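Below is one structure, written out as structure tokens; comments come after it.
The values are calculated or read from the model by the stated rules, or taken from the named source; none is laboratory data. Here the structure is a predicted model, which means the values were calculated and not measured. Backbone-built Cβ (ideal geometry, glycine too); neighbour counts: all protein chains shown.
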Amino acid sequence: MNEEMHEQANSGTANLPAVGGQKQLVKIELPEEHQRFYDKLRRKIERFVRAKGGGDKAAEYLLLAPDLFVLLCRLMLDKRVPFSAKAVAGAVVAYFISPVDVLPEALTGPVGFLDDVVLAVYALRRILVDVDRRIVCEHWNGNHDLLATISRIIQSADDLLGKRVLRRLEGKLLDILRK
């Protein structure tokens, strides 16, 4: 463990996104409604995955939903992120929260978050055009490499959702980018 990681682990800041210089970590607090949504989403998906056995690829991607939600929220709050990227992140956060989407969670249960995950990943791919990847990665709490995760989900999107649903999501993202 290098000195900086040791210092972060001992100070309780190891999981905080870095904002500013290497030695200066500033905690970015989520608004309470986003944190509550994250906690509810995490519990709901974990219960679903445990009940289902948690072995398939869809379950693995469903568990990314809360981390992608928080990542997008943090990007909206980061002063280094341009307005256009914040607008894309904000639209996807709204999509996560909205009961009306391509695969409504009210009808499909937690499996309905697969479209949210895929839309978030497509949006992140677009955000990475305008935002330095280091900034985006600073806000990632997931257990796996963010860029590898994005690539894996994009490659699997067709199998996860089907071509028809995927086309509808791509249309939604294009609508977001036009606004």
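Only one entry of F37, F96, F83, F69 meets the criterion of being in contact (Cβ under 8 Å) with a residue 40 or more places away in the chain and either of a type in the set (S, T, Y) or surrounded by fewer than 20 Cβ atoms within 10 Å (Cβ to Cβ) (or both), and that entry is F37.
Can you find a residue in region 124-136 that is surrounded by 13 or more Cβ atoms within 10 Å (Cβ to Cβ), within 14 Å of the chain's Cα centre (by Cα) and not aliphatic (A, V, I, L, M)? Yes, region 124-136 contains a residue that is surrounded by 13 or more Cβ atoms within 10 Å (Cβ to Cβ), within 14 Å of the chain's Cα centre (by Cα) and not aliphatic (A, V, I, L, M). Applying the set (1) under 16 Å from the mean Cα position of the chain (by Cα); (2) of a type outside the set (D, E, K, R); (3) modelled with pLDDT under 80 to G55 leaves exactly one unmet item: (1). Filter region 100-109 down to the residues that are assigned to a helix (DSSP H, G or I) and modelled with pLDDT under 75, then identify the one that is nearest to the chain's Cα centre (by Cα). That would be E105.
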